[in-house]
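Please read the structure below before turning to the comments.
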Amino acid sequence: MADLAIAHPERQAAAESPAQLRQDRLLSVGARCALPVALLLGIGFLAPLVAILGYAFATPRSFDVFSSFTLANFATLFDPANTVWLSFFWSCGLALFTVAILAVVAYPIAYGLNMVFGRWSALISVLFVFPLFVSENVRLYGWVLFYIRNGVLDGSLKWLGLPGGPEVLYTPGITLFGMVYTYLPFMLFPMTLGLALVPRDLVDAARDLGAGRLFIWREIELPLAMPGILIGMLLTFVLAIGATAEAKILGGQSIIVISHDIEIAFTYSQNWPLGSALAVVVTFFIGALTLFALSKLDLDRMLGKR
Amino acid sequence: MLLTSPAALPDPASPPKPILQLVGLRKSFGGFDAVQGIDLDVREGEFLTIVGPSGSGKTTLLRMLAGMDTPSEGNITLHGELINDVPPNRRPTCLVFQSLALFPHKSVGENIAFPLKVKGVDAAARKARALELMRVVRLPESYFDKNVMKCSGGERQRVALARALAYDPEVLFFDEPLSAIDYKLKKTLEKELKDLHRETGKTFIYITHSLEEAMVMSDRIGVMRAGRLVQVGTPEEIYGAPVDRFVCEFVGEVNTFQVKRGPDGAWNGTDVPGTFTLQPPASGAVLDEAFVVVRPEFMRILAPGESADNRLEGVVYNEYSLGSRIQYQVRVGAKVMLVELSRGRALPSSADRRVTLGWDAADAFTLES
């Protein structure tokens, strides 16, 4: 076939009708339909990223975007004297702990939604989604009122004649609590979906072949639910590493997280190039981590489709 | 010595002792009785098939036997021990699911070795046993590491079978495992399953909606309808002496017509013309009205002068080739009768030919209508 095409190039050219040539010049129907969305994405999503990238290489403490090029901002970030690594450490650590705690907390709920709650599952799911309708900051201030001295917890205990609640507010621990609370739905729903993908037949069959509950969980349920669990973990990790409100509101700035550092650079210190450089580093770090995880996470193989 | 006492020796005259006994077994879901009172003795080492249309309760019955459902009433005993509430993982029984329920994230070998892993058998012994079982079910050894989802329908069937055998159950249950397989392969697998039953000597309880499948494989067949066992017997008994119209029609295509006793005591056809000589019903009941069943293979097309106990005049409407046999559709008034002849006795030209159908009284069943 290929030989034929090479031997008669003139015949092939003659076969192309004028209509076909016109179609080659213009965009295809699909591309034309996608144009509005592509423009919107270009302006709304890509442009800010390009601007950030531009600022990252601009002269420190200036607004000379795209007109200057320097690596000074990155040099500042990687300077051992800079303590930004501490914020980075806090963000990563808190995100890791959040994911670990969520995995343990969400699994039984996801299991319940699939196997135990029956017709109540829909209602219970809605209850878990409901807090998302209220602004995150408002919800976090709600927790402040709950834990603050003479607040809901402390006040109630004192009213009952007890010594009063523990001093938990404005500590790294309460920040972690806030993050677990905020990101629970983002772990729960992918996990529920993952568990829903485990056919009941397989569990019945494993049991019939002599397996006990723990063995079935380890050999059948967990591996088959893994795609959902891993997606939930990835999602909550990415969200948690960019979290600021919990550390600011509940943690009372007892610790500074990386996104808070970026915010300070853009607002208080008016050093957009440094903030941009930090944002670029964090974005690349999370992006690389996500791509690495996704490449390891072969969903088809896990589900046995291939 | 107890072991050498005559009682301990098997008595060749008596039938094999029941391994599984069902007494008054009943299962209700809400107000609906899926299984309504089943008594059955399953003999050790037999191939018993429960056959019935969908919704007859056969799967519910099997789930109770496998331990996945608990009976609402009645008892299941295995070797004389009550097992009603014994969970499936503690029963020496194993079910081959309709979906086969193979573990998609495990290889062929891992699937087969699963019950051995549960028992804590070490990896080398597991592999050896799995390969041995793969030979038994005729799977090539190279399949050991193959992804089970990449196997064909027939191969998956064999994997599921090998996995069940790896559990080494005393009784194997099958829930229509061949229903999704093409005809030719199904025929092969049916025979293989029967061979396997012989090789292993285990008790097989098989469920299907296809009596044809049941006939090929079974030592005994139980016909189920609306939660009850209508008839239990050997394939010959089911085929040759069906207890009622349901079993009769379930067994295959049959010719049926109604008869009524005339004032002179003779049986007159109600929906076909003529007077007929019939056998008394097997139930021994004295009837005024009855229902006559003649299988297509017992109907003959009479040559001039040929005699038969009963005859009907009709016109051939169509013929269907069944391979080695030919089936003719003969219209007798408004009634359609089927006649099957071997190819050697085929009519030279059939369409619109006037024929006389004949059959002997001994080849027909008389049933209560």
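Values quoted throughout were computed directly from the atomic coordinates according to the rules given, and no laboratory measurement underlies them. If you're wondering where the values come from, they're calculated on a predicted model, not measured in any experiment. FYI the Cβ positions are ideal-geometry reconstructions off the backbone, even for glycines, and counts take in every protein chain you see.
What to note about this one:
- Taking amide H positions as modeled 1.01 Å from N, with prolines and chain starts lacking one, the residues under 5 Å from B:R225 and 5 or more places away or on another chain are B:V230.
- Amide hydrogen neighbours beyond the local backbone of B:I19, cut-off 5 Å, H modeled: B:V42, B:R43, B:E44
- Whole-Å semi-axes of region A:201-306's equivalent ellipsoid (Cα gyration tensor): 43, 17, 7
- GluC sites (Glu not before Pro), loop per DSSP, at most 11 other Cβ atoms within 10 Å - longest free stretch of chain B: B:1-252
- Under 5 Å between amide hydrogens, built in the peptide plane, is the criterion, and for B:T270 it picks out B:Q258, B:V259, B:K260 among residues at least 5 positions away or on other chains.
- Of all lysines in the structure, the ones whose alpha carbon falls short of 25 Å from that of B:K187, not counting any fewer than 8 places away in one chain, are B:K58, B:K150, B:K202.
- Rg and Dmax of chain B, Cα atoms only, in Å: 25.0, 81
- Derived scalar couplings ³J(HN,Hα) [region A:120-137; Karplus, 6.51 cos²θ - 1.76 cosθ + 1.60; whole Hz; x for Gly, Pro]: 7, 4, 4, 5, 5, 4, 4, 4, 6, 7, 3, x, 5, 6, 9, 3, 4, 4
- Among A:A103, A:A265, A:A288, residue whose mean-square fluctuation peaks in a GNM of chain A (springs only between Cα atoms under 10 Å): A:A288
- Across the options A:F78, A:V198, A:F285, the greatest Cα extent toward the positive end of the charge dipole of region A:73-302 (unit charges at beta carbon of Lys, Arg, Asp, Glu) belongs to A:V198.
- Net length gained if the chain between A:A75 and A:A51 were fully extended (0.36 nm per residue, minus Cα distance): 6.7 nm
- Note: region B:228-296, Cα convex hull, 105 Å³ per residue.
- Its Cα centre serving as origin, the protein assembly as shown has a Cβ charge dipole (Lys and Arg +1, Asp and Glu -1) of approximately 1080 debye.
- Cα-based shape type of region B:226-369, given that a ≥ b ≥ c are square roots of the gyration tensor eigenvalues and the cut on a/c is 1.5: oblate
- Cα shape, region A:88-186, gyration tensor, a/c 1.5 rule: oblate
- Most fluctuating residue given options B:A113, B:A346, B:A226, as computed from a GNM of chain B linking Cα atoms under 10 Å: B:A346
- Under Karplus coefficients 6.51, -1.76 and 1.60, residue-wise ³J(HN,Hα) of region A:45-54 in Hz, glycine/proline x: 10, 7, 4, x, 5, 5, 4, 4, 4, x
- Residue (of B:A361, B:V243, B:N318) at the positive-pole extreme of region B:241-369, dipole from beta-carbon charges: B:N318
- Inter-part distance where region A:38-64 and region B:210-273 are each reduced to a Cα centre, Å: 83
- Relative contact order (%) - region A:73-302, alpha-carbon pairs under 8 angstrom, separation at least six: 29
- Taking packing as the residue-averaged number of other Cβ atoms within 10 angstrom, the listed peptides B:114-120, A:179-185 run from highest to lowest as A:179-185, B:114-120.
- For B:K184, a cut-off of 18 angstrom between C-alpha atoms picks up these aspartates and glutamates, skipping any fewer than 8 places away in its own chain: B:E155, B:E176, B:E192, B:D195, B:E212, B:E213.
- Chain A shape via C-alpha gyration tensor axes, a/c threshold 1.5: oblate
- Alpha carbon centroid spacing (whole Å) that separates region A:205-253 from region A:87-123: 6
- Cα centre as origin, Lys/Arg/Asp/Glu Cβ charges: region A:73-302 dipole, Debye: 380
- By the rule of a C-alpha distance below 20 Å, with chain neighbours fewer than 8 residues away ignored, the lysines paired with B:K335 are B:K260.
- Peptide B:116-125 shows a mean partner chain C-beta count of 2 within 10 Å per residue C-beta.
- In order through region B:21-33: 3J(HN,Hα) via Karplus (6.51 cos²θ - 1.76 cosθ + 1.60), integer Hz, x for Gly, Pro: 10, 10, 10, x, 6, 9, 9, 10, 10, x, x, 9, 8
- Rounded to the nearest 20, the Cβ-based charge dipole of region B:162-231 about its Cα centre (Lys and Arg +1, Asp and Glu -1) stands at 180 debye.
- Diffusion coefficient, µm² s⁻¹, Stokes-Einstein with Kirkwood Rh over alpha-carbon pairs of the protein assembly as shown at 25 °C and 0.890 mPa s: 74
- Dipole axis of region B:279-369 (+1 Lys, Arg; -1 Asp, Glu on Cβ), positive-most option in B:S349, B:A282, B:V332: B:S349
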